Amino acid sequence: VLSDTFLGVGSNAGESAFRIGPDPANDRLVLHSDDGLSGHYSILDLGGRLMHTDKLTGITRQEIHVAALAEGMYVLVVVGDTGRTAQRFIIAR
């Protein structure tokens, strides 16, 4: 998983506040955070089109169902109390 600063988003401290896996993903992506994340997340394709968005529940592990996404590369953008952070991930089946 690569931390990302493309699309004008990045973490405040140069490190991501969360981790995602598995990468490549198949039907689900798991978002991990040591402190729990609150706010919301969005999944964008590389063209910048919004594919999915939802709230973050504040827990340290949240599953995101990505079975409806086509194979390819996407960006998960998390918007929370500390700002915006993005990470790329791949869907492969």
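The values are calculated or read from the model by the stated rules, or taken from the named source; none is laboratory data. This structure is a prediction, so every number in the text was calculated from the model and none was measured. Using ideal geometry, Cβ is built from the backbone for each residue, glycine included, and neighbour counts are taken over all protein chains shown. The accessibility values were calculated without ligands, DNA or RNA, using every heavy atom of the protein model including side chains. Shrake-Rupley method; radii C 1.70, N 1.55, O 1.52, S 1.80 Å.
List of remarks:
- When the stretch 39-69 is filtered for residues that are in contact with an Asp or Glu (Cβ under 7 Å, 6 or more places away or on another chain), open to solvent by 50 Å² or more (accessible area, probe 1.4 Å) and closer than 14 Å to Arg84 by Cβ, only His40 remains.
- Selected residue (criterion: most open to solvent (accessible area, probe 1.4 Å)) from residues of the stretch 21-37 that are touching a Lys or Arg at 6+ places or on another chain (Cβ under 8 Å) and under 15 Å from Thr85 (Cα atoms): His32
- For the condition in a loop (DSSP other than H, G, I, E, B) and either modelled with pLDDT of 95 or more or open to solvent by 60 Å² or more (accessible area, probe 1.4 Å) (or both), Ala17 does not qualify.
- Restricting Gly83, Gly47, Gly72 to those that are of a type in the set (Gly, Ala, Ser) and touching a strand residue (DSSP E or B) at 6+ places or on another chain (Cβ under 9 Å) reduces the list to Gly72.
- Test for Thr85: is it at pLDDT 95 or above and polar (S, T, N, Q): no
- Summed over the stretch 33-89, residues that are of a type outside the set (A, V, I, L, M, F, W, C), farther than 16 Å from Ala17 by Cβ and assigned to a loop (DSSP other than H, G, I, E, B) total 4.
- Members of the stretch 20-39 found to be farther than 20 Å from Glu71 by Cα and touching a residue at least 40 places away in the same chain (Cβ under 8 Å), listed by number: Leu37, Ser38, Gly39
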